[in-house]
1. Among the numbered conditions (1) out of contact with any strand residue (DSSP E or B) (no Cβ under 6 Å at 6 or more places or on another chain); (2) within 16 Å of the ligand (Cβ to nearest atom); (3) assigned by TED's automatic domain parsing to the domain that holds residue 57, tell me where residue 115 comes up short.
2. Count, please, the residues in region 124-149 that happen to be buried (at least 23 other Cβ atoms within 10 Å of the Cβ) and either more than 16 Å from the ligand (Cβ to nearest atom) or without any contact (Cβ under 8 Å) to a residue 24 or more places away in the chain (or both).
3. Do you know which residues across region 44-54 are in contact (Cβ under 8 Å) with a residue 40 or more places away in the chain and in contact with a helix residue (DSSP H, G or I) (Cβ under 9 Å, 6 or more places away or on another chain)?
4. What residue, among those in region 78-91 that are surrounded by fewer than 17 Cβ atoms within 10 Å (Cβ to Cβ) and more than 17 Å from residue 149 (Cα to Cα), is nearest to the ligand (Cβ to nearest atom)?
5. Do you know which of the residues in region 49-77 that are surrounded by fewer than 20 Cβ atoms within 10 Å (Cβ to Cβ) and more than 16 Å from the ligand (Cβ to nearest atom) is farthest from residue 142 (Cα to Cα)?
6. Show the residue pairs that are 6+ apart or on different chains and have beta-carbon atoms under 7 Å apart, the first residue being within region 66-86 and more than 25 Å from residue 299 (Cβ to Cβ), the second being within 16 Å of the ligand (Cβ to nearest atom) and not in a helix (DSSP H, G or I).
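The values are calculated or read from the model by the stated rules, or taken from the named source; none is laboratory data. Quantities reported herein were computed from a predicted structural model and do not represent experimental measurements. No Cβ is skipped: glycine too gets one built from the backbone with ideal geometry, and neighbour counts run over all protein chains shown.
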Ligand code: CP
């Protein structure tokens with residue numbers, strides 16, 4: 001039975017854009033294709049070809065690449081489609097054209113799938129929405145899809161697909177558990193960052209992070225691994241790792257990118273490289289059946305997997321690299337709608353939360369209570385009182401944050417004051433109160449700003465000495481649509497320094513942090529507001 005093809009026209013910006021069961025389906029097709037390729041089974045191969053000379057696949061590589069670019073080019077050639085490449089050195093990028101204008105233009109020339117590598121993080125996510133509007137405005141036949149071929153330090157989802165396929169191949173196709181050592185430059189390595197969500201493919205995940213502190217995994221990804229229930233252990237060198245008894249059977253090496261880290265690190269490069277480079281003397285400590293992987297390239301002078309290992313059973317990286325083309329052929333076949341119609345998802349993707357977070361308290365239902373006024377506070381007759389601010393923080397943290405709230409709400413010029421007092425219900429914790437006599441009711445937009453800058457607070461509108469309205473503010477599921485906010489990652493497409501005009505957009509994580517919708521960087525709500533552009 002044919003159903004709606006859930007893959008057709010989709011973008012792959014981060015690995016989580018494909019659910020676990022979608023990835024398993026993709027891998028089952030890769031297995032069939034790989035075997036057909038190896039056996040030259042032409043009839044089976046024909047089932048996968050898009051075979052449409054008007055179907056445009058466009059490669060835009062703004063950073064160097066061999067494997068990703070060439071395996072995608074060969075995958076696209078397999079499909080007998082139109083394959084193009086933007087020469088970025090002579091493109092109008094050099095005249096200051098934006099990403100949106102560039103890709104809108106190219107999508108107007110009958111191109112359907114764009115494969116993009118860029119230093120700027122979150123490009124594909126931005127273009128996915130932006131170019132969909134362009135396609136609609138201009139009645140283009142197909143909405144373009146975007147494949148992230150590596151964006152800065154963020155993610156490399158197609159590398160993650162081929163890594164997962166290779167791990168499964170070496171796991172006898174089982175996904176019950178994986179024990180993986182991630183070795184090398186975990187700070188810059190986007191391929192290991194994709195593993196924070198990607199390894200959820202396996203039911204039980206144990207990850208050993210092996211890197212000196214200068215090259216350690218960023219907190220955003222460690223938190224994500226924890227949220228996903230991975231068991232995580234940290235080691236500063238391979239030597240330290242091998243000195244204990246519980247050693248992974250799969251090792252994933254990455255290339256140190258020390259050139260990005262300034263002179264202080266470069267002076268110590270030998271020591272740092274040594275901590276993450278495998279040596280002949282370590283061989284005896286590995287368990288039977290161990291495999292090494294590497295996204296490649298490896299450096300010809302200082303490889304972390306030395307070439308003497310090429311001709312040993314440890315070598316999983318060559319097959320991993322070859323698998324890249326098979327995986328990418330299937331990915332293009334799915335996005336191009338050639339295959340996938342028979343896939344019926346059991347997992348329903350979770351809708352983004354649109355839960356309410358500003359609650360007006362029904363004052364008619366409240367029992368009359370004796371008026372309790374915090375010590376030192378003189379009740380106001382008319383105006384606004386924002387109470388329960390930063391409950392539990394120290395008085396100086398609360399004072400700092402109240403100054404910020406006042407500025408965020410445009411209340412700096414109004415009369416009134418700020419106060420720190422002990423809570424009535426918990427006399428051990430402090431809370432802040434802002435009062436602004438004569439200030440008028442906040443607009444809906446300002447209420448949203450208040451919830452985002454002071455979650456947990458209450459807002460009282462006082463008229464003639466009485467509480468006329470009362471709102472309780474919870475932490476919003478998203479923070480967006482505020483012009484003065486931006487992601488703090490200067491490599492993110494939404495950072496003002498990129499001048500791409502991309503508005504900031506954050507979504508709340510399970511840990512009550514806010515992840516940038518483009519680059520994934522997590523922030524506390526205070527960090528977002530502290531870095532606002534006034
Ligand atoms: N693995 C990988 O992304 O290699 P390239 O940089 O050669 O594309």
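1. Only one criterion is unmet by residue 115, namely (1).
2. Pass one, region 124-149, residues buried (at least 23 other Cβ atoms within 10 Å of the Cβ): 124-127, 131, 144-149.
Checking which are either more than 16 Å from the ligand (Cβ to nearest atom) or without any contact (Cβ under 8 Å) to a residue 24 or more places away in the chain (or both) leaves us with 125-127, 131, 144-146.
Final tally of qualifying residues: 7.
3. 47, 48, 49, 50 - these are the residues of region 44-54 that are in contact (Cβ under 8 Å) with a residue 40 or more places away in the chain and in contact with a helix residue (DSSP H, G or I) (Cβ under 9 Å, 6 or more places away or on another chain).
4. The extreme case among them is 89.
5. The qualifying residue farthest from residue 142 (Cα to Cα) is 77.
6. Within 7 Å, the pairs are 85/59; 86/60.
Yes or no, residue by residue, for (1) assigned by TED's automatic domain parsing to the domain that holds residue 465; (2) farther than 30 Å from residue 282 by Cα; (3) modelled with pLDDT of 90 or more:
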| site | (1), (2), (3) |
| --- | --- |
| 330 | no, yes, yes |
| 377 | yes, yes, no |
| 394 | yes, yes, yes |
| 407 | yes, yes, yes |
| 412 | yes, yes, yes |
| 420 | yes, yes, yes |
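Table: residues versus (1) within 28 Å of residue 160 (Cβ to Cβ); (2) surrounded by 13 or more Cβ atoms within 10 Å (Cβ to Cβ); (3) modelled with pLDDT under 95; (4) away from the ligand (no atom under 16 Å from the Cβ).
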site	(1), (2), (3), (4)
258	yes, yes, yes, yes
265	yes, yes, yes, yes
268	no, yes, yes, yes
295	yes, yes, no, no
